[in-house]
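**Q** Sharing a structure with you now.
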Amino acid sequence: MKKVLIANRGEIALRVISACREMGLATVAVYSDADRAALHVLHAEEAYRLGPAPATESYLRGDLILEIARRAGVDAVHPGYGFLSENADFAEACAAAGVTFIGPPASAMRELGSKTRARQAADRAKMPRVPGSVTGLADVDEAVHVAGEIGYPVMLKAAAGGGGKGMRAVTRTEDMASAFRAASSEAERSFGSGEVYLEKLIERPRHIEIQVMADMHGNCVYLGERECSVQRRHQKVIEEAPSAVVDDDLRRRMGEAAVRLALSAGYVNAGTIEFLVDDARNFYFLEMNTRLQVEHPVTEMVTGLDLVEMQLRVAMGEPLGVRQEDIRLRGHAVECRIYAEDPENNFFPSPGLITRLVQPGGPGIREDCAVYAGWTVPLDYDPMLSKLVAFAPTREAAIDRMLRALDEYVIGGIKTNISLFRRILTDPDFRAARIDTGYLERLLGSPAEVGEHVPEDVAAVAVALFATMVKERVVAGGAAQQSRWVVAGRQEGLSG
Ligand code: MV4
């Protein structure tokens, strides 16, 4: 392997380019019209235009990417996260074109990427999973039957999806029919499949995930866990490693279960197994992500490993350079995802020209950043600007170091969510690690839950206000005219 095409943009593209350069691999960037002046284009040795700004006409066009891979004579493609990173057809197309896909085989991606097939694999791997159905539900009657067996409350979920779309909590039989219809139609709209399954609802769970790395020779290790419970609308906001509730024994049991699942499906390369952990510290398999994740840096900081380098070496056919007994966790790492969004305005994206950028640094600070003063944050993609990571010997020291670094951060010309992190990192519940997946909604005041009644006149004002904002932004946005308004909130998967 001599030359790698990075089929992504933003900070993850820069991250992969850095690993390639350290390994003496040549790099090829691809870019859309909105990214012509982006940093990943400047850092790569070669850069090829994909097409217009919309992802569907650029970063999601596997055919154009492979055409460029052929023209540039690359040996491998790294998909990053989001975009085509979990697209089995693209992984297959790479193999068919004689280009190494830096990730799992398409077969493993299909096996573990489907929520229901992954739950069946979890049973074969003797892995604790949330009680419930392991296949899609035929109809409301079957849903009522399964719910009767496992007991309310239950959670209806989209088999083909994730990120909370198509998810409905049901607390009693009378509500099942309407919830089933709502979940199935949202799943159909979001993922092209209305198939839903049903699980026992775990109250106030923590979201804890295990990083695994498997080579092509049957070796697989787990690299500790990440606590990802601080989320807003199913988007991670803060991630940390290790988790305050995972001791050595729980880590070993979760890690060994994750490795069993990966090996049982013939998994290769980086993967993450997501668990829900209840307040009795029982862990339940939730789903598997068959890609490198946004939050991989916190694992790198506490293990001292370079996960992208490991991905590249595994893709070259090298055996893992580490055994399980070689993995030592040290210190604590916290990551904040810095977004161009306005916390004072319902976290709407806040694109535009960055007029000033002063970046934090100093002891124990890592910033994976893809923007610069003079860069215009485009509307077409997830508006993440950078990931700020603080490392220190203890959780409290890492939190305080992060607060110091946030105070050094100056991003002028656009709104950012930096103030949100100060609120979280100074909150007594967060500092005491009293967090679960509902923590942030409680801190911010829960949003209008799906289906909650909003008075007509309030809704009318909201729509009018939003329409005005869109019109003003598009008119004022200049370059934004070519790109479509990315409605508030971020599609699952774009940000990994
Ligand atoms: C659950 C759950 C409680 N019980 N499943 C949210 C999206 C997807 N990752 C799975 N999710 C959940 N599944 C059962 N049986 C609670 C959530 C959940 C959640 C999970 C992880 C992180 C944030 C979350 C926010 C709300 C709900």
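The values are calculated or read from the model by the stated rules, or taken from the named source; none is laboratory data. What you see is a predicted model, and the numbers here were worked out from it, not measured in a lab. As a convention, Cβ positions derive from the backbone with ideal geometry for all residues, glycine included, and neighbour counts pool all protein chains shown. Just the protein is used for accessible areas: all its heavy atoms, side chains included, with ligands, DNA and RNA removed. Shrake-Rupley method; radii C 1.70, N 1.55, O 1.52, S 1.80 Å.
**Q** When you look at residue 77, is it over 18 Å from residue 293 (Cα atoms) and either modelled with pLDDT of 95 or more or in contact with a strand residue (DSSP E or B) (Cβ under 6 Å, 6 or more places away or on another chain) (or both), yes or no?
**A** It is false that residue 77 is over 18 Å from residue 293 (Cα atoms) and either modelled with pLDDT of 95 or more or in contact with a strand residue (DSSP E or B) (Cβ under 6 Å, 6 or more places away or on another chain) (or both).
**Q** How about region 362-458: which strands (runs of 3 or more DSSP E) wholly inside it have at least 3 residues that are modelled with pLDDT of 95 or more and not hydrophobic (A, V, I, L, M, F, W, C)?
**A** Here the list reads 365-369.
**Q** For residue 24, state whether it is surrounded by fewer than 19 Cβ atoms within 10 Å (Cβ to Cβ), touching a strand residue (DSSP E or B) at 6+ places or on another chain (Cβ under 9 Å) and modelled with pLDDT of 95 or more.
**A** no
**Q** Then there's this: Determine whether residue 397 is under 23 Å from the mean Cα position of the chain (by Cα), of a type in the set (Gly, Ala, Ser) and surrounded by 15 or more Cβ atoms within 10 Å (Cβ to Cβ).
**A** No, not satisfied.
**Q** For residue 270, which of the numbered conditions (1) assigned to a strand (DSSP E or B); (2) within 25 Å of residue 20 (Cα to Cα); (3) within 16 Å of the ligand (Cβ to nearest atom) fails to hold?
**A** (3)
Yes or no, residue by residue, for (1) small (Gly, Ala, Ser); (2) open to solvent by less than 10 Å² (accessible area, probe 1.4 Å); (3) closer than 21 Å to residue 100 by Cβ; (4) in contact with a strand residue (DSSP E or B) (Cβ under 7 Å, 6 or more places away or on another chain):
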residue: 266; (1), (2), (3), (4): yes, no, yes, no
residue: 269; (1), (2), (3), (4): no, yes, yes, yes
residue: 274; (1), (2), (3), (4): no, no, no, yes
residue: 278; (1), (2), (3), (4): no, no, no, no
residue: 283; (1), (2), (3), (4): no, no, no, yes
residue: 293; (1), (2), (3), (4): no, yes, yes, yes
residue: 308; (1), (2), (3), (4): no, yes, yes, no
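**Q** Based on this model, can you work out whether residue 225 counts as under 25 Å from residue 305 (Cα atoms), free of Cβ contacts under 8 Å to residues at least 60 places away in the same chain and in contact with a Pro (Cβ under 9 Å, 6 or more places away or on another chain)?
**A** It is true that residue 225 is under 25 Å from residue 305 (Cα atoms), free of Cβ contacts under 8 Å to residues at least 60 places away in the same chain and in contact with a Pro (Cβ under 9 Å, 6 or more places away or on another chain).
**Q** Another question, if that's okay. Read through the list (1) under 21 Å from the mean Cα position of the chain (by Cα); (2) assigned to a loop (DSSP other than H, G, I, E, B), then give the number of the only condition that residue 14 fails.
**A** Of (1) under 21 Å from the mean Cα position of the chain (by Cα); (2) assigned to a loop (DSSP other than H, G, I, E, B), only one is false for residue 14: (2).
**Q** Just wondering, is there one or more residues in region 235-249 that are in contact with a Pro (Cβ under 7 Å, 6 or more places away or on another chain) and either in a strand (DSSP E or B) or in contact (Cβ under 8 Å) with a residue 24 or more places away in the chain (or both)?
**A** No, there is no match, as no residue in region 235-249 is in contact with a Pro (Cβ under 7 Å, 6 or more places away or on another chain) and either in a strand (DSSP E or B) or in contact (Cβ under 8 Å) with a residue 24 or more places away in the chain (or both).
**Q** Still on this structure: Only one of these is more than 16 Å from the ligand (Cβ to nearest atom) and among the small types (Gly, Ala, Ser): 177, 169, 158. Name it.
**A** 177
**Q** Return the total of residues in region 157-211 being among the hydrophobic types (A, V, I, L, M, F, W, C) and farther than 17 Å from residue 115 by Cβ.
**A** Qualifying residue count, region 157-211: 7.
**Q** Give region 128-187 a look and list any residue that's under 22 Å from the mean Cα position of the chain (by Cα) and part of a loop (DSSP other than H, G, I, E, B), or say none.
**A** Those that are under 22 Å from the mean Cα position of the chain (by Cα) and part of a loop (DSSP other than H, G, I, E, B): 130, 159, 160, 161, 162, 163, 164, 165, 166, 167.
**Q** Follow-up. When only residues in region 194-253 that are surrounded by fewer than 24 Cβ atoms within 10 Å (Cβ to Cβ), among the charged types (D, E, K, R) and more than 22 Å from residue 129 (Cβ to Cβ) count, which is farthest from the ligand (Cβ to nearest atom)?
**A** Among residues in region 194-253 that are surrounded by fewer than 24 Cβ atoms within 10 Å (Cβ to Cβ), among the charged types (D, E, K, R) and more than 22 Å from residue 129 (Cβ to Cβ), the one farthest from the ligand (Cβ to nearest atom) is 215.
**Q** Restricting attention to region 117-125, does a residue exist that is polar (S, T, N, Q), open to solvent by 40 Å² or more (accessible area, probe 1.4 Å), more than 16 Å from the ligand (Cβ to nearest atom) and within 25 Å of the chain's Cα centre (by Cα)?
**A** Yes, because at least one residue in region 117-125 is polar (S, T, N, Q), open to solvent by 40 Å² or more (accessible area, probe 1.4 Å), more than 16 Å from the ligand (Cβ to nearest atom) and within 25 Å of the chain's Cα centre (by Cα).
This table checks each residue for (1) buried (at least 16 other Cβ atoms within 10 Å of the Cβ); (2) closer than 19 Å to residue 42 by Cα.
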| residue | (1), (2) |
| --- | --- |
| 344 | no, no |
| 349 | yes, no |
| 352 | yes, no |
| 359 | yes, no |
| 363 | no, no |
| 367 | yes, yes |
| 370 | yes, yes |
| 379 | yes, no |
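**Q** Sticking with this one: With among the hydroxyl-bearing types (Ser, Thr, Tyr), in contact (Cβ under 8 Å) with a residue 40 or more places away in the chain and open to solvent by 20 Å² or more (accessible area, probe 1.4 Å) as the only criterion, which of 171, 100 stands out?
**A** Criteria check complete, one pass: 100.
**Q** Inside region 27-42, can you point out the residues that are crowded, with 19+ Cβ neighbours inside 10 Å and either in contact with a Phe, Trp or Tyr (Cβ under 6 Å, 6 or more places away or on another chain) or within 20 Å of residue 376 (Cα to Cα) (or both)?
**A** Within region 27-42, 29, 30, 31, 32, 34, 35, 38, 39, 40 meet the criteria.
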